[in-house]
2 protein chains.
Amino acid sequence: MEHLIIIGAAAAGTKAAAKVRRENKDLKITLFTEEEYVSYSACGIPFYIEGEFDDYKELIEYTPSEFEKDINVKVYTFHRVLKISPESNKISVGNLISGEVFEISYTKLLIATGASPIKADIPGADAKNIFTLRNINDAIAIKKAVKKSKTAVIIGGGYIGIEILEAFFKQGLKTRLIEKQNQIMSVLDSEIADNLKEMIENERPNSIITSDSVKKFIANSKGELEKIELESGKIIEADLALIALGVKPNIELAQKAGIQIGETGAIKVNKHMQTNIHNIYAAGDCCEKNHIITNKPVWIPLGSTANKEGRVAGLTLSGEKASFEGVLGSAVTKFFGINISLTGLSEKAAEKQGYDVVTVTIQSKDKAGYMEGAKTISIKMIADKKTKRLLGAQCIGYGDADKRINIIASALTAKMTVKEYINIDISYAPPFSRAIDITTVAAYKLDKLLEKHT
Amino acid sequence: MEHLIIIGAAAAGTKAAAKVRRENKDLKITLFTEEEYVSYSACGIPFYIEGEFDDYKELIEYTPSEFEKDINVKVYTFHRVLKISPESNKISVGNLISGEVFEISYTKLLIATGASPIKADIPGADAKNIFTLRNINDAIAIKKAVKKSKTAVIIGGGYIGIEILEAFFKQGLKTRLIEKQNQIMSVLDSEIADNLKEMIENERPNSIITSDSVKKFIANSKGELEKIELESGKIIEADLALIALGVKPNIELAQKAGIQIGETGAIKVNKHMQTNIHNIYAAGDCCEKNHIITNKPVWIPLGSTANKEGRVAGLTLSGEKASFEGVLGSAVTKFFGINISLTGLSEKAAEKQGYDVVTVTIQSKDKAGYMEGAKTISIKMIADKKTKRLLGAQCIGYGDADKRINIIASALTAKMTVKEYINIDISYAPPFSRAIDITTVAAYKLDKLLEKHT
């Protein structure tokens, strides 16, 4: 009997399981996870900590037993896969509770091991109330600590850092975010990031420290975090710390089994989510992806991508034709009312890839100026001088920023030139945009710059 | 000396004037309009009537004298162009106040005469307080009448009808909208329109009557509108009526001058906004447009299009390369919190054009379900069986409907297939969408249907 084993039960693993089951009623499917929970929204965790909703169960789509029943899948929670043996089509599994170790055979294997937070190698990091954030148990522990804390630091100014900064403020904590680089949100170009930092500090003064990092964590006599010493010598009181330095792909298991790791350090898969071993597949944050603009491998781990890759893996495993063409790194987040969104290449990323670029940054209202609630957004758009194609965009502001980014993501997928972008018939009514949308106005300006260079 | 005469001072005329002036400081530019105002947002008028803002001047970007000064253009308000004589490059103009008639020569002429409301040929339509809505003076008159009225009817269930229905309710009028067809919003497919009607009637019970029309207007002894008799025999009290039966292109002047009228009944222009007469151009609502999907002429008069055509006319008039590729009929409007948006072909329009279509209609939350304020939207997406290309979409609901339509408009411009659409990397965070956007989910389903038909 065919037996599909899936390692990992977050977005990619559970999506693939559901898809395979829908296509094939007979196949045996077994799912292993080290965690207590399966099928939950990791991206929703900051909003649980923030207090948007009180019960972490809201994040969970299926409990393990619901998943077993609905999808007819055998789920092993608290089980760690210790070894993959492709030559014998077996894996070795350890029960994290009983300590028992056993082997089990597969005919097909899907690796969906995800990614793990990067740990900080900082003296004193073993004090109580220092956290990283990845799964529901992390979230529950952090939320508990928040209730007992008054001050906090966040180390790292990426998506999670910014989202948790809002969450901690909403929970009443006096919070500082520490970013080693001279800008927050390294995916943004520096002037956009600086503009964003200014907006964040208008909302919450002195909440961000850039170009500085933690020298050591200082605990009280009970071993609980009390304060933080920065490289600059500054001392910051903190009952609670979140280390949000990003994540790294969980590839050890695959690597030891001889599965090819790509140049980005994540598992190499083709468009059908197949690894170099014929009956082993991989999907989600543990895999590298193709970048739609550069056609080169990148590692941009995002929940939406993991979900899509899980679907394609599930279809491929079912013998269907399906492919995942790649990513643009489209992302969106928010800090109080400020929306932050991007897609494609930043100026710096484009230059690193050897593109000769023109860029335009403009500010405009997101609606007709006479409409109540019209708010200013800033957009930066980047185009390639040679092909006159759009390469990417970043949009921030109190208004509908993310809305614009998705129009551009669609255009980037189609490899549109700036002139083609201008021709998009974007819907207009005064409550929704200006007569000529801000992205079209930016494209007009890019077009003019490109004409000059012709 | 070169002399550009522009007839019409709404979106297309004023945009072209500004563009020409930016490119060419020396050219003489003269602008004629029958109206008192130039350069105003016609699309904003319903929101002025609604009370979103109190001063109609908010709608005006430039007064005639500001426009004259800023752009260095001679503006004649209250002047009607009576005749175009291409053989002598002259126009004949009547001063609507003094009655004076004079001739003036052009080297180039831009016709931007716009469109006019369709008049209803209904007995009693000469009663007081029966209006059509097109320009600022109409708006001022209607707003004045609203203040004195208690009950109103709107005749016609298109964009303007729906927007004014909200405006009248917000102004405290007991209002009924009468639509002759068996559905409102004829641009939508009937099931979406019916769903919309239900939502509107949930907001404001008994506000819409379909499949009925006005038999006669009944005035009181002072000649003021008092009630309306419908074909069904129903009598409705109304102090105020707005006739919103749509618009027709103002082409008489062009037609008499031998300028070619297209099969849609609007002025035929090429991509550069040139008519069949070498030094006569046309732009805006008086022109027909190319439909991006069908590549056939259509007449879809919208403010955003007029603005873009004005720009292209201005660039062409300045000797620059520029072209307007066409429209998708993308549009958006709202009724209280309900957003209504569409792009491309409806199912019925696609079938009329001979496409063999598959369609999918789904409902989903616009954000992650656990986020406060997540609201349901419905989307219908239409694809062509033969080419597997997307043809259009309609999206309605209390949530972010318009946002989705613009992603699809971008995809339609790029002539994307359904499979290509699936690959768009749409940005995701729980406050903005679900992990897989509703449009991607709809595309998954379309893809499955298309596979079946392969």
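The values are calculated or read from the model by the stated rules, or taken from the named source; none is laboratory data. Keep in mind it's a predicted model, so treat the numbers as computed, not measured. With ideal geometry, Cβ positions are generated from the backbone for all residues, glycine too; neighbour counts draw on all protein chains shown. Quick note on the areas: whole protein, heavy atoms, side chains included, nothing else; ligands and nucleic acids left out. Shrake-Rupley method; radii C 1.70, N 1.55, O 1.52, S 1.80 Å.
Mark the label point 7 Å from the Cα of A:N206 along Cα→Cβ and return the residues of the range A:230-264 whose backbone N is within less than 17 Å of it. Under cut-off, by backbone N: A:230, A:232-239. Inter-copy label distances at A:K222, using a point 7 Å along Cα-to-Cβ, come to 7.9 nm with the shortest given first.
Two numbers describe the Cα atoms of the range A:330-454: Rg and Dmax, which are 13.9, 44 Å.
Over the residues of chain B, the helix contribution to mean residue ellipticity at 222 nm works out to -8000 deg cm²/dmol, using -39500 (n - 2.57) for each DSSP H run of at least 4. In loop segments of the range A:203-236 as defined by DSSP, the trypsin sites (Lys or Arg not before Pro) with at most 12 further C-beta atoms inside 10 Å of their C-beta are A:K222. When B:K385 is represented by a point 7 angstrom out along its Cα-to-C-beta vector, the spacings to that point in the other copies are 5.1 nm, nearest first. If you look at the Cα atoms of chain A, you get an Rg and a Dmax of 23.4, 70 Å. Spin-label model, B:I104 to B:S116: label points 7 Å out along the Cα-to-beta-carbon direction sit 2.1 nm apart. Placing +1 on each Lys and Arg Cβ and -1 on each Asp and Glu Cβ, with no other charges, gives chain B a dipole about its Cα centre of roughly 560 debye.
Think of chain A as having a plus end and a minus end, set by charges on the Cβ of Lys, Arg, Asp and Glu; of A:A11, A:I228, A:S410, A:S410 sits farthest toward the positive end of this dipole. Solvent exposure of chain A amounts to 40 Å² per residue of accessible area, where only protein heavy atoms count and the probe is 1.4 Å.
Counting only protein heavy atoms, what percent of the accessible surface of the range B:254-385 is carbon or sulfur at a 1.4 Å probe? Intermediate results must be reported in sequence, preceding the final value.
Values: 2070 of 4640 Å².
It is 45 percent, rounded to a whole number.
Note on the protein assembly as shown: along the principal axes its Cα atoms extend 99, 61, 49 Å, ordered by decreasing extent.
Approximating the spin labels as points 7 Å out from Cα along Cα→Cβ, the B:K57-to-B:A125 distance works out to 3.6 nm.
Between the range B:13-78 and the range A:1-18, the C-alpha centres lie 62 angstrom from each other.
Here each label is just a point 7 Å from Cα along the line to Cβ, and for B:E36 and A:H278 those points are 8.3 nm apart.
Here is the list for the range B:114-178: trypsin sites (Lys or Arg not before Pro) lying in DSSP coil, each with at most 16 other C-beta atoms within 10 angstrom of its C-beta, are B:K119, B:K150. Rounded to the nearest 0.05, the FRET efficiency derived from the C-beta distance between B:A141 and B:S323 at R0 = 41 Å is 0.55.
What the pair-distance distribution of the range A:1-84 shows, using all Cα-Cα distances binned every 5 Å from zero, is 3, 15, 25, 22, 16, 11, 5, 3, 1, 0 percent. In this calculation the C-beta distance from B:K385 to B:L96 is compared with R0 = 51 Å, giving a FRET efficiency of 0.40. The local environment of B:T113, defined by Cβ-Cβ distances under 14 Å, has a net charge of -1 under the rule Lys, Arg +1 and Asp, Glu -1. Note on the range A:250-329: Rg/Rh from C-alpha atoms, Kirkwood Rh, equals 0.93.
Taking a sphere under 10 Å around the Cβ of B:P249 and counting the other residues whose Cβ falls inside, with K and R at +1 and D and E at -1, yields a net charge of -2. In the protein assembly as shown, a dipole from Cβ-located charges (positive for Lys and Arg, negative for Asp and Glu) runs towards its positive end, and of A:Y37, B:V298, A:I362 it is B:V298 whose Cα lies farthest in that direction.
Is there a quick way to get the dipole size of the protein assembly as shown? I mean about its Cα centre, with the Cβ of Lys and Arg at +1 and of Asp and Glu at -1; what is the value in debye to the nearest 20? Write out the running numbers ahead of the final one.
Numbers: 120 positive and 114 negative charges, 214 e Å.
The calculated dipole for the protein assembly as shown is roughly 1020 debye.
Placing a label point 7 Å from the Cα of B:N182 along the Cα-to-Cβ direction, the residues of the range B:190-234 with a backbone N closer than 13 Å are B:190-191, B:194, B:210-212.
Pairwise alpha-carbon distances in the range A:76-140 exceed 14 Å for 71% of all pairs.
If I take R0 = 30 Å and measure r between the Cβ atoms of B:K448 and A:K375 in this structure, what FRET efficiency does the formula 1/(1 + (r/R0)^6) give, to the nearest 0.05? Result of the calculation: an efficiency of 0.15.
In straight-distance terms, cross-link reach from A:K388 covers every one of the aspartates and glutamates whose alpha-carbon lies under 19 Å from its own, apart from those fewer than eight places away in the same chain; here that gives A:E347, A:E351, A:D356, A:E420, A:D447, A:E451, B:E320, B:E325.
May I ask what percent, to the nearest 5, of DSSP beta bridges between residues of chain A are antiparallel?
Working: 55 of 87 bridges.
Restricted to chain A, the bridges split so that about 65 percent are antiparallel.
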